[in-house]
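Take a look at the structure set out below.
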Amino acid sequence: MPDLSRRSFLKATAWIAGGITIAFSARLIKEKSVSVGPTLEFPNAESGKGWLQVRSDGKVHMLCPRMEMGQNANTGLAQIVAEELNIRVQDITLHYPTTSETAPIGFTAGSLSMMLFSKPVAIAAASMRENLRCRAAKINKISVDEVIDTEGGFVILGSPRIGYQDLVTDESIELDFENSVIPTLYTFDPRRIKKQVGQEAEPRGIKDLVTGAPVFSGDIQLPGMLYGRVIKPPVRKARLKNLNFSTVQNIIGFFDIVRDGDFVGVVCRTPGSLDKAVRSVIIEWELPEPINQEKINQLLDINVALQRGDLPSTLQDENHNPSANWDVDLEFAVQLQTHAMQEPRAAVAHIEKINDIERINIWTGTQDPWAIKRHCADDIGFREDQVEVHPMRMGGGFGGREHYEVEQDAARLALATGLPIKVQWTREDEFRVARNRSPSSHRMRLACDHKGVLSNWWHAYASGYVFYSRSRLPDWLLPFKRSTAGGDFGVSRGAHPAYKSPSIRVEYKEVDLPIDLGVWRSLNGAPNTFVIESTMDELARQKSIDPVRFKLMNIPDSMARLGNCLKRVETMANRNPLPAKSGYGRGFACGVYEKNSFVAVSVDLHIDHEARKICIDRMCCAQDVGMAINPDQLRAQIESNLVWSIGMALMEKVEIGDGQIASNNFHNYMIPRMSDMPSLDIDIIDNPIIHPSGAGEVALIAGSPAIANAIRDATGLRLTRLPIKYTDITALGSL
Amino acid sequence: MVSLLERISNPIFNKPNMNLFVNGTERVVTGVWEEETLLSVLREYFGLIGTRFGCGKGLCGSCTVHVDGEPVRSCITPVNNIAGTSVLTIEGLQQDNEKLHPLQQAWIDERVPQCGYCHSGQIMQAWGLLSKTRNPTEEQINTFMDSILCRCGTYDRIKKAILRAAVMLQQSSDTNA
Ligand code: FES
Ligand code: FES
């Protein structure tokens, strides 16, 4: 085992060359890393040591613990450091460590960054501040209480200002504060008038993005680098049946073909010759199981599952009465969706020999660099300390970049050729290889009394696996995980009712679908909320109750923050009256994501029969994720989620052909464009006394049902199959 | 397999070179690179990696650059079709070392980028609009920008940034006048 202790890390880098370095708090989760799973070492005693430093020039440096993909989490964390140290966020120097420069840090996913890192970061920075205060007191031979904060330092009555640079020497000091008292955290002090937290902060690195600086993995250039590609099967675990590469050598620029079992890689001198060379290879695959849309529909048929009593997982079961007098009984079909991040994945790998020891360097945009390091070592037979991963910015993640994949292509080809290799997946590769968000089929029934108080709730559904899909885990681990993990919480996400009802049953079936599935923005949060919010809306309309009143009536006190969002968004929507014309409609939906993030969305739309289009005119959103550390970036995440909800409701669907995923580029997988944009009205409900929760996948859950509810309002049609097309409206003969 | 030496001595590598004017500088494309797309030449041969690859089929616009003043999709533009032309990339947009181009500045002021991957293409397309239409309407922006995809969904801010840049350009031409 390589020595992964923090001391060896800190010594190995020049990081603690001088000044005071401080560890992050030890008072947080301590979890073991799972060797096949993601890196779960969230801030704790051993990870993240030395992330914060004040150097002898008084300047503050921070190692960024989060991988960037557009969520700007590190900017938010830097705001916290700035708040605690009374400096400006732009004066902090950020460093992005490689996997050799710090101990493992938990993977970046699930909108956990602010939730898990804000407090440890605040404690570290506040401890640094208090240590500096003690030094100031000691030097001036006064008590600590007499050392008063000021910008970038302290003041003592009757003396000149003391800057941090006056308190730090070139000597290198490492502070440990595992057992010390937690100092006052300015970030979480509701009485403090904050200067950094809660303010707009320019996202770090934004200038690089508008000037085209090298920030993505595909931007890496190494001398003598060649271009490689591994030919991908339609699904993982397919076997190579036939391979013919007899003409590849005629391609100008061809360099080598690497064959190892089912692994077929081509290496060329230019990207264009690589395209040609790959096209010249004839390859046939044998799939573990045939795939086509019909087969998937059959496997997911919720009515068959209900008839057979084949719904093995129960999420909630209280006083269930299957023969209740159901007021609404709807069936839903949610489509297969993909991440389609703008940057198709890319990696550069280079093996070098230093003092007779081989080392591999990998540049890649990944949500989990330490997993890449572990898996790469295992894959190519290196020790972990022979692998260094250089995390690059991701051109979008959305849950699609957690695994060792494009890195594997690059590492193996670099090993086989002995040369630096760049692997840039094509868009077609990206579509073929993506672990998509599962389709699902639902049946949802509701009943209420004459006043509109819910009496019975029954939601049954079938979905492919999310975390325990066959493409995410090795065969030997799958049955164990599926049988012992207590349900795939990706499948059940969002299925807990946010409403109260005396009788509730929520049950589901996890299906082993023959396509590659995995983690997508909000997991099943968006599909489940779509179903729930559509059915609730339908029940209200059938009872002739205003849908917002109806929901507010059924939201329990414990969900007051949800009710607030809904009321707020109703007020926002009402600022603009809906045109009193036929074909115009307004819909509302709300939802809770992961217990602590609350959101409500309203949608105004109209059906444009001339353009044969459903046009979203306006969307309002009110969201409460507790303390708003960077309101502008919260707003940006909401914008992004609302756009995604339009895609989910009206456009996106991965088509499955015979034996393959048929969607392979942006002409047959449509995503929202500028002309699809409604006007947006966004309100952040700041709750400064509540610990921040995730915001990266919240508004998406309420956006798509709000669209479906607005279509119902405009046309009288309850559309339950996503994506909803204009032709669905005309087919059902509205207006 | 063909040896490296054989390939280097292949006559196809010794064709006469072709020229391009990239961001105002004359550049030469040689050998096997003449068979490449403009995107591939810009990124991998000239090292101008600001132009990004998104789909390779002309469908997303991430690779947009200007050829003789017109926005084109470099991923589907064979470089040998545009010999002798002037190419402008995101790296060449900024005229003044001290000051960003108004579009770049507006992009920062509106905090447009999320992941940032699409924005070289967005900005180059937007310049294709603003360089000819100084005061675009929202409708014109929608139409002109509609084919440049942004998976992160930053469209609202892109629109605002274009309008802001239009005002900045107006102001600077007023002061120059
Ligand atoms: S990469 Fe050229 S249009 Fe998508
Ligand atoms: S900012 Fe990510 S694709 Fe546009």
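The values are calculated or read from the model by the stated rules, or taken from the named source; none is laboratory data. From a predicted model like this one, the values you see are computed outputs, not experimental measurements. Note that each Cβ is placed from the backbone with ideal geometry, even for glycine, and that neighbours are counted across all protein chains shown. Please note that ligands, DNA and RNA were not included when accessible areas were found on the heavy atoms of the full protein model with its side chains. Shrake-Rupley method; radii C 1.70, N 1.55, O 1.52, S 1.80 Å.
Rounded if a/c is under 1.5, else prolate if a/b is larger than b/c, else oblate: which is the range A:628-710, with a ≥ b ≥ c the root eigenvalues of its Cα gyration tensor? The partial results should precede the final answer.
Working: a/c = 2.64, a/b = 2.15, b/c = 1.23.
Here the range A:628-710 falls in the prolate category.
Hey, could you grab the Kirkwood Rh for chain A? Inverse mean 1/r over distinct alpha carbon pairs, Å, one decimal. It would help to have the intermediate numbers written out before the result.
Details: mean 1/r = 0.0361 Å⁻¹.
The Cα-based Kirkwood calculation yields 27.7 Å.
Working from label points 7 Å from Cα in the Cα-to-Cβ sense, the A:His609 to A:Arg259 distance is 6.2 nm.
Partners of A:Lys195 within straight-line reach, counting lysines whose Cα lies under 25 Å from its Cα and excluding those fewer than 8 residues away in the same chain: A:Lys59, A:Lys119, A:Lys207.
For Cα pairs less than 8 Å apart in space and 6+ apart in sequence, what is the mean separation divided by the residue count of chain A, i.e. the relative contact order in percent?
Reported as a whole number, the value is 14 percent.
Taking 21 Å as the straight-line reach from the Cα of A:Lys353, the lysines in range (excluding those fewer than 8 positions away in the same chain) are A:Lys373, A:Lys422.
Membrane-span-like helices in chain A, defined purely by DSSP H runs whose alpha carbon atoms cover 30 Å or more axially and whose average Kyte-Doolittle hydropathy reaches 0.0, are A:113-140.
In order along the range A:507-524, the phi-based Karplus estimate (6.51 cos²θ - 1.76 cosθ + 1.60, θ = phi - 60°) of 3J(HN,Hα) comes to 9, 8, 10, 8, 10, 8, 7, x, 10, 7, 10, x, 8, 9, 2, 6, 6, 8 Hz; Gly and Pro are listed as x.
Using a loss threshold of 10 Å², tell me which positions in the range A:218-256 are less accessible in the complex than in their chain alone. Probe radius 1.4 Å, ligands and nucleic acids ignored. Listed in order, they are A:Gly218, A:Asp219, A:Gln221, A:Tyr227, A:Gln249, A:Ile252, A:Gly253, A:Phe254, A:Phe255, A:Asp256. Within the protein assembly as shown, DSSP assigns beta bridges of which about 75% are antiparallel (rounded to the nearest 5). Using the rule -39500 (n - 2.57) for each DSSP H run of four or more residues, divided by the residues of the protein assembly as shown, the 222 nm mean residue ellipticity is -9000 deg cm²/dmol. Among the trypsin sites (Lys or Arg not before Pro) found in the range A:436-545, those both in a DSSP coil and sparsely packed, with 10 or fewer other Cβ atoms within 10 Å of their Cβ, are A:Lys451. In a reduced charge model with +1 at each Lys and Arg Cβ and -1 at each Asp and Glu Cβ, the protein assembly as shown shows a dipole moment near 760 debye about its Cα centre.
The residues of the protein assembly as shown present an accessible area of 37 Å² per residue when probed at 1.4 Å with all protein chains retained. Look at the stretch B:41-54: the mean tally of other chain Cβ atoms within 10 Å of its residues' Cβ atoms is 5. For A:Lys451, the lysines whose Cα comes closer than 27 Å to its Cα, not counting residues fewer than 8 places off in the same chain, are A:Lys500, A:Lys543, A:Lys551, A:Lys567.
The 3J(HN,Hα) values that the Karplus relation (6.51, -1.76, 1.60; θ = phi - 60°) gives for the range A:418-426 are, in residue order, x, 10, x, 10, 9, 10, 10, 5, 6 Hz. Gly and Pro appear as x. Per residue of peptide B:116-124, the mean number of Cβ atoms on other chains within 10 Å of the residue Cβ is 6.
Between A:Asn292 and A:Leu175, what is the spin-label point distance in nm, taking each point 7 Å from the Cα along the Cα→C-beta axis? Calculated label separation equals 6.7 nm. The alpha carbon centroids of the range A:101-155 and the range B:17-39 are separated by 53 Å. The portion of the accessible surface of the range B:17-93 made up by carbon and sulfur, rounded to a whole percent, is 49 (1.4 Å probe; DNA, RNA and ligands excluded). Helix B:155-176 axis versus longest C-alpha principal axis of chain B: approximately 80°, rounded to the nearest ten.
How many square angstrom of accessible surface are buried between A and B, both sides summed, with a 1.4 Å probe and rounding to 100? Don't skip to the end; give the middle numbers.
Values: alone 29490 and 9940 Å², together 34100 Å².
Separately minus together, A and B give about 5300 Å² buried.
For the residues of A:664-671, the average number of beta carbons from a partner chain within 10 Å of their own beta carbon is 4.
Once backbone amide H atoms are built at 1.01 Å from N, B:Phe46 has no partners under 5 Å, excluding neighbours fewer than 5 places away on the same chain.
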